[in-house]
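What follows is a single structure, written as structure tokens, with notes after it.
The values are calculated or read from the model by the stated rules, or taken from the named source; none is laboratory data. These figures come from a predicted structure and were not determined experimentally. Counting neighbours? That spans all protein chains shown, and the Cβs are built from the backbone with ideal geometry, glycine included. Only protein heavy atoms, including side chains, enter the accessible area calculation; ligands, DNA and RNA are left aside. Shrake-Rupley method; radii C 1.70, N 1.55, O 1.52, S 1.80 Å.
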Amino acid sequence: LVGSGAIAWTFLDKRMNNAQAVFPWTLAVFAFVFAFVARPRSPSLKDREICEDDPPVPVPVVPRPVPARSEAEDSDEMPPKPSPREMPKPKDLNVEEEVADEVKKEDPGTFTCTEEEDNEWTIVEKSVDPTEMRLALWLRQRLRDMTGPGTDMARQPLELLRFLRACRGDVPEAAEMLRRSISWRGDRGIEEKHKSWTAELDAGSTPRAKKVLEHAVHAILGRDRLGLPVYIFRWSVFDIDGAEKTLGSEVVCQIILSIHEQVANELRRQALESGSVLPGALFIWDIGDYGKLGVPNWHKRMLALVRFLPRISSHIEANYPEVVRKIMVIRSSHMTKLLYRAASPFLPEGTLRKCRLYGWYAKEWRHELESEMPGVSIPGWLRCERKEDLANATPKGGIYV
């Protein structure tokens, strides 16, 4: 408790500089070390020998009902073992009958579909198993009342499938999640703001667009094995405090949401072109401390980033589910791993499941990255640790002034 409180103190007190942060971090280290040393331990071998004469503790035996054997089990031939994809999850044991009853209430063939939506249903049907297809139809039934402007997502099978998988096949939960997302998008004007910001950034004529381009921290590294763009985010050179002061917190959040809007649109476009459901894009997060080869004040900027990410990640998780399939977090040190663990309780569970931490050296992720991007020339700073390559790492980022 003392260690966690000391760490929280450094996160919440924005006026604290690096010198003032030494005391709470030292206090936290001593608290964790003391907790480790003073932790309860199991009895030693000597203690166990002394306790051998004690009477044994009776263990209650709870009788379990024996399930009735089916005809297939009584026969000599056992049925074939289902594949992992067909194995029912604990929460979906009776999903077959439930889905069948729900779908029978209204014939799925009576849906009014555009030609694009009909093509999407064909793509989904040949890409997923029959159970997941019936769940998608059931979800479509649940949302049949959403017919107004801005509700296209409720009728697009690829979007329905993303939200369905985010909820692990729970149709009522997926329907509620999608309703909230459509309402959120309409209230915030996400599509309009995305188009407006993209045009502004492409023109590069406004002062804030010039600032963002000058201090850019994300770029497209190339295409992966699925044909999707691979996005690099160099959080290690991002000045989040300066960006919020210069551009405003709302604009910074809108820029990050616009990036994910672009990723979602690209995922949809590529799925329609390839004729198959794609699992999501690959993100690379660079959080390394490059010292003199990077941007100054790394520790202060990382603490500010830890405070910022939970605010935006909840919106991303709720409104852009299954857009990202993997996040490779590279150039991690002991300090970054500590910061990652400190921020983990405040990050969505889905985001944490997709993150994979790698150390400082490129040998830890190089082969995996090459297998994800076959035929793509990977920059030198992602393949080795030579100073000249690290000095040329892009995007450069920088301090907002």
Scan of region 295-325 for residues that are farther than 22 Å from R341 by Cβ and open to solvent by less than 30 Å² (accessible area, probe 1.4 Å), ordered by number: V295, N319, Y320, P321, V323
Residues (within 20 Å of V230 (Cα to Cα) and of a type in the set (K, R)) located in region 378-401: R383, K396
Output for region 327-351, where each listed residue is modelled with pLDDT of 80 or more and open to solvent by less than 50 Å² (accessible area, probe 1.4 Å): I327, M328, V329, I330, R331, S332, S333
Residue within region 374-386 that is open to solvent by less than 60 Å² (accessible area, probe 1.4 Å), at pLDDT 80 or above and in contact with a strand residue (DSSP E or B) (Cβ under 7 Å, 6 or more places away or on another chain) present: yes
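Are there any helices (runs of 4 or more DSSP H) wholly within region 288-396 with 3 or more residues that are within 30 Å of A174 (Cα to Cα), in contact with a Leu (Cβ under 6 Å, 6 or more places away or on another chain) and not hydrophobic (A, V, I, L, M, F, W, C), and if so which?
Where helices (runs of 4 or more DSSP H) fall fully within region 288-396, none carries at least 3 residues being within 30 Å of A174 (Cα to Cα), in contact with a Leu (Cβ under 6 Å, 6 or more places away or on another chain) and not hydrophobic (A, V, I, L, M, F, W, C).
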Long-range neighbours under 6 Å by Cβ, at least six apart or interchain, first residue over 20 Å from R386 (Cα atoms) within region 280-307, second assigned to a helix (DSSP H, G or I) and modelled with pLDDT of 90 or more: A281/V263; L282/E372; A304/I240; A304/D241; L305/W235; L305/I240
Those residues of region 141-172 which are of a type in the set (D, E, K, R), open to solvent by less than 20 Å² (accessible area, probe 1.4 Å) and more than 20 Å from the chain's Cα centre (by Cα), in sequence order: none
Some residue of region 124-142 being at negative phi, at pLDDT below 85, out of contact with any helix residue (DSSP H, G or I) (no Cβ under 7 Å at 6 or more places or on another chain) and not in a helix (DSSP H, G or I): no
